[in-house]
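The values are calculated or read from the model by the stated rules, or taken from the named source; none is laboratory data. Predicted, not measured: the structure shown is a model, and the values here were computed from it. Cβ sites come from the backbone with ideal geometry, for glycine too, and all protein chains shown count toward neighbours. When the accessible area is computed, the model is the full protein with side chains, heavy atoms only, and any ligands, DNA or RNA have been set aside. Shrake-Rupley method; radii C 1.70, N 1.55, O 1.52, S 1.80 Å.
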Amino acid sequence: MNQIEPNSFRAGPDEDGRFGLFGGRFVAETLMPLILDLEEAWKTAQGDPAFKAELDGLNSHYTGRPSPLYFAERLTEELGGAKIYFKRDELNHTGSHKINNCLGQILLARKMGKTRIIAETGAGQHGVATATVCARFGLPCVVYMGATDVERQAPNVFRMKLLGAEVIPVTAGHGTLKDAMNEALRDWVTNVESTYYLIGTAAGPHPYPELVREFQSVIGKEAKEQILAIEGRLPDMLVAAVGGGSNAIGLFHPFLDDKDVAIVGVEAGGKGLDGEEHCASLTAGSPGVLHGNRTYLLQDGDGQIKEGHSISAGLDYPGIGPEHSYLKDTGRVEYVPIMDEEALKAFQMLTRTEGIIPALEPSHALAEVIKRAPTMGKDQIIVMNLCGRGDKDVHTVAKHLGMNL
Amino acid sequence: MTTRIEARFSRLKDDNRPALVTFVMAGDPDHETALDIVKALPAAGADVIELGMPFSDPMADGPAIQKAGLRALKAGASLNKTLALVSEFRQVDDTTPIILMGYFNPIYIYGVEAFVADALKVGVDGLIVVDLPPEMDSELCLPALNAGLNFIRLATPTTDDKRLPTVLQNTSGFVYYVSITGITGSAAPDAGKVAAAVDRIKRHTDLPVCVGFGVRTAEQAAEIGRNADGVVVGSALVAAIESSLETGGGTAAVSAVTKIVSDMAAGVRSVSLAKA
């Protein structure tokens, strides 16, 4: 079949939860009835003005939305090219975009009458955001976190515990995000009646990729209004980091049909794509089936999933949300890798030129902006999603800079 | 065409007893030992053999089977070698049904068409693929059925009467009833609830119904076998393989498995199937 340009890049998923080849519902039968219930609850919520009003209210008064669209004047001057704007989701309550999704999903969980929340987390940002909304709504919360990540993200582990969550270190596999997700799925299959699985990224079985995207799209909708108000036109380019890809799809989705807006997703290149130590599933992986969906994965010739590596625990996942796989194959979004070292340099540059300490995840996006902006005209505009703040990463960065805190 | 699975259940019906279905992981703890174990299973009393296809991310499995898969992968297992193992087994046994059980990704990467053809060629009779619910039938289930393989579906406690017809629609060989909501090797199922569930499924299908997840002892096997057409034991066997490795594996692994299988075979042979 010849690939034809779709009328809209925003039409997916179809009723089977597919974005072209990608997505779907590859789950055990035990979970299937619940997945179908979730889909029903999600459809109902979408048409329910009360649901929207409640979520809008929480976004405004609890998270602090809308987040500012900030013109990074000194960085723009320093790079000497395109005007750089940051969508400042790092200013959200809990310090990242993750809260946008957690608030939406906890409202769904309550609608479904679920009494217990589970989640997986890598860097701990999603775990903290989940523990936060569970505290806010008085629901018990269990967070699965790879044992390796528990060690390298100790401040977030403590935060989750303060918020009343139980953090379970996962030692299976290599003890990172993928193993935490396996363990969360095992918990879910065991406690399916009572439990809602609050997935942290725009991946997993349908309808998760769609509903997470919708909850995160608040980022792109605001950014579009804001840039039109400030500049009177759309940006020339959007840039965001992709791990699972929820902050990126949140920024990108409202712009997908604006053909003059170039869109760039930045993957974790780790220590380089030649070796095994990276998480660039779109650039260096191939389509496969994991965690409920078909998408690009890091895998070997036998279909065994490889462990990723990134300096940023939040990007340390061998898969990617299925909609990104679709956007890659259709060519609508360009995906590029950024290495650990480049992200570290970008982290320091932003800190010094703008007085903003970014998380290591958006530091990857920033490194790409640093490459692109000087090649663009001064009348051109880049909007980058500054999706998390770097407080959690100062120990990691200090270690890489050879400092002892 | 009658598959070995259908022939076996038809014969067991004549014998008026439930089947003992045994699960071990291909390539665990290594290819040669796994082959010896599989070859020893029929004589020990296994009626049907489920052979696990190792996968790095077995989401529906408990620690025992997770570790078995990782041991196998570490020892060099692959889907190619799993098929080779079946082929080697078929040289000594052409009647015991073999079912490959696992997750979709290794099959997807192998290529569905090639996999179905190669599986048939080496003597595989059926497939159980945990992460392919009926909604995904076009991926593997339909091509496998068309080629003459059985596609055995899992039904679970969450599969209600409304959903059962969907689950049963493209199921063949037998129905695998997952006795608990949970992962393999979990707590023992409640025999009363299982019996009720088996009866419920039997109201919807004439296929044999086998029960698995959490079955460890001959007594449990006998109790469940009073209603079900078969009892599946898996985690107990792979845990025995793990324990045997402390004493050197090899023949110790083979005898550890055959001892449990013999006990459980005695269990299922102690009961007569309830008359339909």
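Just one of the listed residues (A:Glu354, A:Glu307) is open to solvent by 10 Å² or more (accessible area, probe 1.4 Å), within 14 Å of another protein chain (Cβ to nearest Cβ) and charged (D, E, K, R), and it is A:Glu307. For the stretch B:107-116, check the following and say yes or no: at least one residue is of a type in the set (Ser, Thr, Tyr), closer than 23 Å to B:Thr258 by Cβ, out of contact with any helix residue (DSSP H, G or I) (no Cβ under 6 Å at 6 or more places or on another chain) and within 12 Å of chain A (Cβ to nearest Cβ). There is no residue in the stretch B:107-116 that is of a type in the set (Ser, Thr, Tyr), closer than 23 Å to B:Thr258 by Cβ, out of contact with any helix residue (DSSP H, G or I) (no Cβ under 6 Å at 6 or more places or on another chain) and within 12 Å of chain A (Cβ to nearest Cβ).
Just checking, does the stretch B:83-103 include any residue being within 12 Å of chain A (Cβ to nearest Cβ), open to solvent by 20 Å² or more (accessible area, probe 1.4 Å) and of a type in the set (D, E, K, R)? The answer is no; no qualifying residue exists. When restricted to residues that are over 17 Å from B:Val130 (Cβ atoms) and either in contact (Cβ under 8 Å) with a residue 24 or more places away in the chain or part of a loop (DSSP other than H, G, I, E, B) (or both), the stretch B:178-192 contains 5.
Taken together, A:Ala154, A:Ala131, A:Ala147 contain a single residue that is hydrophobic (A, V, I, L, M, F, W, C), under 21 Å from A:Tyr317 (Cβ atoms), in contact with a Cys (Cβ under 9 Å, 6 or more places away or on another chain) and more than 14 Å from chain B (Cβ to nearest Cβ), which is A:Ala131.
Only one of A:Leu297, A:Leu315 is within 17 Å of the chain's Cα centre (by Cα), within 12 Å of chain B (Cβ to nearest Cβ) and either open to solvent by 10 Å² or more (accessible area, probe 1.4 Å) or on the phi < 0 side of the Ramachandran plot (or both); which?
Selected residue: A:Leu297, the only one of A:Leu297, A:Leu315 that is within 17 Å of the chain's Cα centre (by Cα), within 12 Å of chain B (Cβ to nearest Cβ) and either open to solvent by 10 Å² or more (accessible area, probe 1.4 Å) or on the phi < 0 side of the Ramachandran plot (or both).
On the basis of being surrounded by 17 or more Cβ atoms within 10 Å (Cβ to Cβ) and free of Cβ contacts under 8 Å to residues at least 24 places away in the same chain, does B:Thr158 make the cut? Here the answer is yes, as B:Thr158 does meet what is asked.
Per-residue answers, yes or no, for (1) in contact with a Gly (Cβ under 6 Å, 6 or more places away or on another chain); (2) open to solvent by 10 Å² or more (accessible area, probe 1.4 Å); (3) of a type outside the set (Gly, Ala, Ser):
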| residue | (1), (2), (3) |
| --- | --- |
| A:His364 | no, no, yes |
| A:Arg372 | no, yes, yes |
| A:Met384 | no, no, yes |
| A:Gly390 | no, no, no |
| A:Val394 | no, yes, yes |
| A:His400 | no, yes, yes |
| A:Met403 | no, yes, yes |
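All conditions but one from (1) open to solvent by 20 Å² or more (accessible area, probe 1.4 Å); (2) touching a strand residue (DSSP E or B) at 6+ places or on another chain (Cβ under 8 Å); (3) not hydrophobic (A, V, I, L, M, F, W, C) apply to B:Gly225; the one that does not is (1). Exactly one residue among A:Glu39, A:Glu15, A:Glu54, A:Glu29 is at pLDDT 95 or above and within 30 Å of B:Val167 (Cβ to Cβ), and that residue is A:Glu39. Scanning the stretch B:217-250 for residues that are more than 30 Å from B:Thr166 (Cα to Cα) and part of a loop (DSSP other than H, G, I, E, B) yields B:Thr217, B:Glu246, B:Thr247, B:Gly248, B:Gly249, B:Gly250. Screening A:Lys328, A:Lys378 for residues that are over 30 Å from B:Tyr108 (Cα atoms) and charged (D, E, K, R) leaves exactly one candidate, A:Lys378.
Looking at the stretch B:66-82, which of its residues are open to solvent by less than 10 Å² (accessible area, probe 1.4 Å) and more than 9 Å from chain A (Cβ to nearest Cβ)? Matches in the stretch B:66-82: B:Ala68, B:Gly69, B:Ala72, B:Thr82.
Scanning the stretch A:269-284 for residues that are more than 16 Å from A:Glu334 (Cβ to Cβ) and either of a type in the set (Gly, Ala, Ser) or open to solvent by 20 Å² or more (accessible area, probe 1.4 Å) (or both) turns up A:Gly270, A:Lys271, A:Gly272, A:Asp274, A:Gly275, A:Glu276, A:Glu277. Among the residues of the stretch A:192-223, those that are free of Cβ contacts under 8 Å to residues at least 40 places away in the same chain and either surrounded by fewer than 20 Cβ atoms within 10 Å (Cβ to Cβ) or in a loop (DSSP other than H, G, I, E, B) (or both) comprise A:Glu193, A:Ser217, A:Lys221.
Among the residues making up the stretch B:125-151, those that are closer than 24 Å to B:Thr96 by Cβ and either touching a residue at least 60 places away in the same chain (Cβ under 8 Å) or within 7 Å of chain A (Cβ to nearest Cβ) (or both) are B:Asp125, B:Gly126, B:Ile128, B:Val130, B:Gly148, B:Leu149, B:Asn150. Criterion first (at pLDDT 95 or above, open to solvent by 40 Å² or more (accessible area, probe 1.4 Å), away from chain B (no Cβ under 14 Å) and in a loop (DSSP other than H, G, I, E, B)) does A:Asp257 satisfy it? Here the answer is yes, as A:Asp257 does meet what is asked. Within the stretch A:95-107, is there a residue that is open to solvent by 10 Å² or more (accessible area, probe 1.4 Å), assigned to a strand (DSSP E or B) and either touching a Lys or Arg at 6+ places or on another chain (Cβ under 6 Å) or closer than 24 Å to A:Glu368 by Cα (or both)? For the stretch A:95-107, residues open to solvent by 10 Å² or more (accessible area, probe 1.4 Å), assigned to a strand (DSSP E or B) and either touching a Lys or Arg at 6+ places or on another chain (Cβ under 6 Å) or closer than 24 Å to A:Glu368 by Cα (or both): absent.
Scanning the stretch A:224-240 for residues that are in a helix (DSSP H, G or I) and open to solvent by 10 Å² or more (accessible area, probe 1.4 Å) returns A:Lys224, A:Glu225, A:Gln226, A:Leu228, A:Ala229, A:Ile230, A:Glu231.
What helices (runs of 4 or more DSSP H), lying completely within the stretch A:297-383, carry at least 1 residues that are without any contact (Cβ under 8 Å) to a residue 12 or more places away in the chain?
It comes to A:340-354, A:360-372.
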